[in-house]
1. For the structure I just gave you, tell me whether A:Val109 is over 28 Å from A:Gly1 (Cα atoms) and surrounded by 18 or more Cβ atoms within 10 Å (Cβ to Cβ).
2. Of (1) buried (at least 16 other Cβ atoms within 10 Å of the Cβ); (2) under 26 Å from B:Leu39 (Cβ atoms), A:Asn31 satisfies all except one. Which?
3. Name the residues in region A:46-86 that are within 17 Å of A:Gln6 (Cα to Cα) and surrounded by fewer than 13 Cβ atoms within 10 Å (Cβ to Cβ), would you?
4. Would you confirm whether or not region B:67-76 contains a residue that is touching a Phe, Trp or Tyr at 6+ places or on another chain (Cβ under 8 Å) and under 14 Å from B:Lys11 (Cα atoms)?
5. Going by the structure shown, is B:Glu3 of a type in the set (Asp, Glu), exposed (fewer than 15 other Cβ atoms within 10 Å of the Cβ) and within 14 Å of another protein chain (Cβ to nearest Cβ)?
6. Can you tell me which residue is farthest from B:Leu111 (Cα to Cα) among those in region B:8-23 that are within 14 Å of chain A (Cβ to nearest Cβ) and surrounded by 14 or more Cβ atoms within 10 Å (Cβ to Cβ)?
7. Are there any strands (runs of 3 or more DSSP E) wholly within region B:36-110 with 3 or more residues that are at the interface with chain A (Cβ under 10 Å from one of its Cβ atoms), basic (Lys, Arg) and without any contact (Cβ under 8 Å) to a residue 24 or more places away in the chain, and if so which?
8. Which is surrounded by 16 or more Cβ atoms within 10 Å (Cβ to Cβ) and out of contact with any Gly (no Cβ under 6 Å at 6 or more places or on another chain), of B:Gln37, B:Gln97?
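We did not get these values from a lab; they are worked out from the coordinates using the rules stated. Since we're looking at a predicted model, the values are computed, not measured. Quick reminder, even Gly has a Cβ in these numbers, built from the backbone with ideal geometry, and neighbours come from all protein chains shown.
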Amino acid sequence: GENVEQHPSTLSVQEGDSAVIKCTYSDSASNYFPWYKQELGKGPQLIIDIRSNVGEKKDQRIAVTLNKTAKHFSLHITETQPEDSAVYFCAASRNDYKLSFGAGTTVTVRA
Amino acid sequence: DAEITQSPRHKITETGRQVTLACHQTWNHNNMFWYRQDLGHGLRLIHYSYGVQDTNKGEVSDGYSVSRSNTEDLPLTLESAASSQTSVYFCASTGHQETQYFGPGTRLLVL
């Protein structure tokens, strides 16, 4: 099955700086790569996703890049704010609606 | 507004007891999923369903079962609870788009 690895497991950044989280996947048939944000005591919520026919996607301060050849994708958060503090998960799917998740990254934004 | 709910939100039980966790969605989504979340493992798929009367095993299905008698509900049953099943359980659903919408989670403690 699909194996998704996520790094780093924790990330502390100064408010206003950028944060980058990286994921690798093993199944070359995977074609959908979402990112979820989980706040304390809540369920994960989709923040951005990318499909295999696109190399980069942006939504305000958040961007995701995908390198199909290397089988890795990354989440970039610019101008970080205290409300960006949360756990972030990457995931991969091969068009069967099943998601394989990374282990998560705890992001702390220092004021 | 459409939503996905889980009940109970917290549950304490004893080893050997049968436990059922409820999941209800009002989006009329065909696809529903159960995950467990443990520190260091991200979210792992337990069971999933693509429609009424359809159920499938995920990567960590041992000791769990589900049934799908209607579109809205996918209850998760622990046949004989074990301490290793202490976890946070999330239900999710998706329609034709691949975005999964997660419930708020059920925190289960097996003593």
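1. Yes; evaluated as a whole, the condition is true for this residue.
2. (2)
3. A:Asn67, A:Ala70, listed by residue number.
4. Checking region B:67-76: at least one residue is touching a Phe, Trp or Tyr at 6+ places or on another chain (Cβ under 8 Å) and under 14 Å from B:Lys11 (Cα atoms).
5. yes
6. Residue satisfying both the conditions and the ranking: B:Cys23.
7. Hits in region B:36-110: none.
8. Criteria check complete, one pass: B:Gln37.
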